[in-house]
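S.K.: Let me begin by handing over the structure; questions about it come next.
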Amino acid sequence: MTFDALLLHPSLLAAIADLGFEHPTPVQAQAIPPALEGRDVLGKAQTGTGKTAAFALPILHRLLPASTPRLRALVITPTRELAQQVHDHIAALARHTPLHGHCVVGGDDMRQQEDRIRRGCDWLVATPGRFADHLRRDYVDVGALEVLVLDEGDRLLELGFLPDIQEITSYLPPRRQTMLFSATLPAEMQGLARQLLDSPVRIDIGTTAPPSPVSEEVWPVAARQKFELLAELIRRRGIRGALVFCRTKKRADALVGKLAALGHKVEVLHSDRSMPERRKALAAFRSGKCDFLVATDLAARGLDIDEVGWVVNYDVPSAPEDYVHRAGRTGRAGRTGTAISLMAPNEEILIAKAERLTHQRLASSKLEDFVYITERQSGPAPREHSHKPAAFNTRAASREKKESPFTRTGKARPAYEVPDPEKERQKTKRRRSRIKKRLPHEK
Ligand code: AMP
């Protein structure tokens with residue numbers, strides 16, 4: 001099938017040609033015709049299959065020929081990065097049209113977003129929490145809205161956005177076209193689909209395995225030796241341009257430090273970073289200015305980073321779906337890629353879960369001339385110590401919560417201070433020596 005056969009507006013066909021798309025992908029071939037007819041769509045397809053264009057092309061075709069100042073299409077995505085990416089993709093497809101849109105995500109300036117919303121646009125791509133915030137303030141005109149898309153529906157639910165989605169849809173005109181795309185369709189998702197979609201066309205791209213040729217490798221290694229093995233793999237195989245996933249923000253930050261100490265250019269992406277920092281990190285990785293992007297699962301879904309040749313699971317994810325999504329960051333749109341998982345003994349069960357989900361066996365690899373230690377020799381895996389700042393010290397926090405700012409005698413209560421560890425040590429020493437002195441008398 002060709003894009004011409006889909007009878008899209010010529011300005012969209014011109015953009016498709018600019019982007020070098022020759023044929024519609026399966027999700028596009030199946031979703032575009034019914035979406036052009038205005039039907040609701042329930043699509044089981046993961047990112048990397050071309051689903052953004054599958055909903056964006058029918059939307060733009062519908063909005064043409066002219067731009068109006070009223071919002072006509074809304075796309076809700078679970079993460080800020082995905083929202084930006086979807087918005088950029090729609091803008092690229094609309095480049096030969098007069099249509100324009102905005103991206104509205106948390107972490108950016110609310111007032112600037114309000115200004116843009118007030119000025120009007122044809123489409124908006126937004127994260128649910130922030131868009132609901134704007135809706136509550138009464139200046140968003142959704143009266144002319146014709147199309148709603150929920151992208152990565154399962155992720156929206158996992159992240160607890162159901163109440164926001166329900167609130168948002170309560171503001172929208174009931175007569176509209178709704179499209180819902182999701183990598184998986186758990187029962188909760190189907191419930192939402194029943195609530196929001198009217199006799200939808202069902203599309204199942206039906207893959208739980210990474211969408212394109214990805215070679216998947218599992219490297220068993222003691223938890224303590226993970227970094228050593230990773231450094232050796234990087235050196236021997238010349239790994240660059242890799243997306244490296246860690247289980248926690250703290251582990252991601254620690255890994256960044258270790259990779260940087262080896263002289264690599266590394267960026268980090270997780271939810272403790274501000275939006276400008278996250279954008280900068282992604283831009284540096286996309287443009288090849290850094291060798292590694294270390295991320296938590298925030299980046300596992302949705303991000304379309306061209307030519308990620310390598311994905312490294314520094315930690316195996318606990319949800320097998322996340323394994324699929326992480327591996328899906330490489331081998332996109334037909335390119336080949338390699339997904340490497342460093343598997344500590346306690347992560348074997350997680351790899352087994354991923355194997356069950358993807359119906360495949362992942363062969364274990366072993367590095368020649370690398371001195372492996374066993375978990376026994378290595379001792380227990382290093383614990384992630386909590387270095388919480390004073391504000392997150394739970395004792396201090398509960399004390400702050402319980403206590404009024406005044407003492408019972410009406411004096412201002414001095415601010416609670418986290419004890420100085422050195423003073424505490426001295427106190428303990430004094431206490432111990434007092435006890436020692438007392439002992440002979442007790443005898
Ligand atoms: P998505 O699943 O929408 O994130 O798309 C994944 C990647 O596939 C993006 O880089 C798109 O630019 C690319 N893509 C989308 N449609 C096509 C197509 N018909 N032919 C080739 N590449 C495509």
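S.K.: So in segment 140-161, with the set limited to residues that are farther than 23 Å from residue 204 by Cβ and open to solvent by 30 Å² or more (accessible area, probe 1.4 Å), which one is farthest from the chain's Cα centre (by Cα)?
M.R.: Among those that are farther than 23 Å from residue 204 by Cβ and open to solvent by 30 Å² or more (accessible area, probe 1.4 Å), it is 143.
S.K.: Still on this structure: Can you give me the number of residues within segment 12-28 that are more than 9 Å from the ligand (Cβ to nearest atom), touching a residue at least 12 places away in the same chain (Cβ under 8 Å) and open to solvent by 20 Å² or more (accessible area, probe 1.4 Å)?
M.R.: 3
S.K.: For residue 133, state whether it is farther than 24 Å from residue 183 by Cβ and charged (D, E, K, R).
M.R.: yes
S.K.: Let me ask something additional. If I ask for residues that are in contact with a strand residue (DSSP E or B) (Cβ under 9 Å, 6 or more places away or on another chain) and at pLDDT 85 or above, which ones from segment 287-308 would you list?
M.R.: Hits for segment 287-308 are 289, 290, 291, 292, 293, 294, 295, 296.
S.K.: Of all residues in segment 309-349, how many are part of a loop (DSSP other than H, G, I, E, B), within 16 Å of the ligand (Cβ to nearest atom) and modelled with pLDDT of 80 or more?
M.R.: Of the residues in segment 309-349, 1 are part of a loop (DSSP other than H, G, I, E, B), within 16 Å of the ligand (Cβ to nearest atom) and modelled with pLDDT of 80 or more.
S.K.: Which condition breaks for residue 75 when tested against (1) in contact with a His (Cβ under 9 Å, 6 or more places away or on another chain); (2) surrounded by fewer than 21 Cβ atoms within 10 Å (Cβ to Cβ)?
M.R.: (2)
S.K.: I've got another one for you. Can you give me the number of residues within segment 115-139 that are open to solvent by 30 Å² or more (accessible area, probe 1.4 Å) and either at pLDDT 95 or above or more than 19 Å from residue 164 (Cα to Cα) (or both)?
M.R.: Selection size over segment 115-139: 4.
Residues checked against (1) away from the ligand (no atom under 16 Å from the Cβ); (2) crowded, with 18+ Cβ neighbours inside 10 Å; (3) not assigned by TED's automatic domain parsing to the domain that holds residue 173:
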| position | (1), (2), (3) |
| --- | --- |
| 50 | no, yes, no |
| 71 | yes, yes, no |
| 99 | yes, yes, no |
| 111 | yes, no, no |
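S.K.: Of all residues being of a type outside the set (A, V, I, L, M) and assigned to a helix (DSSP H, G or I) in segment 216-236, which is farthest from the chain's Cα centre (by Cα)? Just the residue, please.
M.R.: Ranking the qualifying residues of segment 216-236, first place goes to 236.
The values are calculated or read from the model by the stated rules, or taken from the named source; none is laboratory data. Fair warning: this is a prediction, and the values are worked out from it, not measured in the lab. Positions of Cβ are backbone-derived with ideal geometry, glycine not excepted, and every protein chain shown enters the neighbour counts. Accessible surface areas use protein heavy atoms only, side chains included; no ligands, DNA or RNA. Shrake-Rupley method; radii C 1.70, N 1.55, O 1.52, S 1.80 Å.
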